[in-house]
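What follows is a set of notes on a single structure, which appears directly below.
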């Protein structure tokens, strides 16, 4: 059961990371778009998308394919690194206790799960 919790916890952390990654990416796209005084509709037309698709990308709900991302970079005249979120900006501490819920039967089991997720050796 602990292995299953570790796996589910890891999946949840990975999903949370992806959600934050795309949310930050969208926010940076919106920031540079507004700095360039482009409307959503204007940028969307330049890169071959609908305004709704660009809105979803800026909200982090839609993940742009690589060719679309490259078009965005080109039209905004920014370096790719300016749009990509830094890992420290999107890493938020995970509350393993709430993630595991009532399945964890005590602090020792929680410590075991934390150690397994972090990849540390048990001493």
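The values are calculated or read from the model by the stated rules, or taken from the named source; none is laboratory data. Remember, it's a predicted structure, so these values are computed and weren't measured experimentally. Glycine gets a Cβ as well: all are built from the backbone with ideal geometry, and neighbour counts include every protein chain shown.
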By my count, helices (runs of 4 or more DSSP H) wholly in region 1-72 with at least 2 residues that are modelled with pLDDT of 95 or more and under 19 Å from the mean Cα position of the chain (by Cα) are 2-35, 51-59
The correct count of residues that are surrounded by 17 or more Cβ atoms within 10 Å (Cβ to Cβ) and in contact (Cβ under 8 Å) with a residue 24 or more places away in the chain in region 40-53 is 2
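Taking region 70-85 on its own, how many of its residues are within 20 Å of residue 23 (Cβ to Cβ) and without any contact (Cβ under 8 Å) to a residue 12 or more places away in the chain?
3
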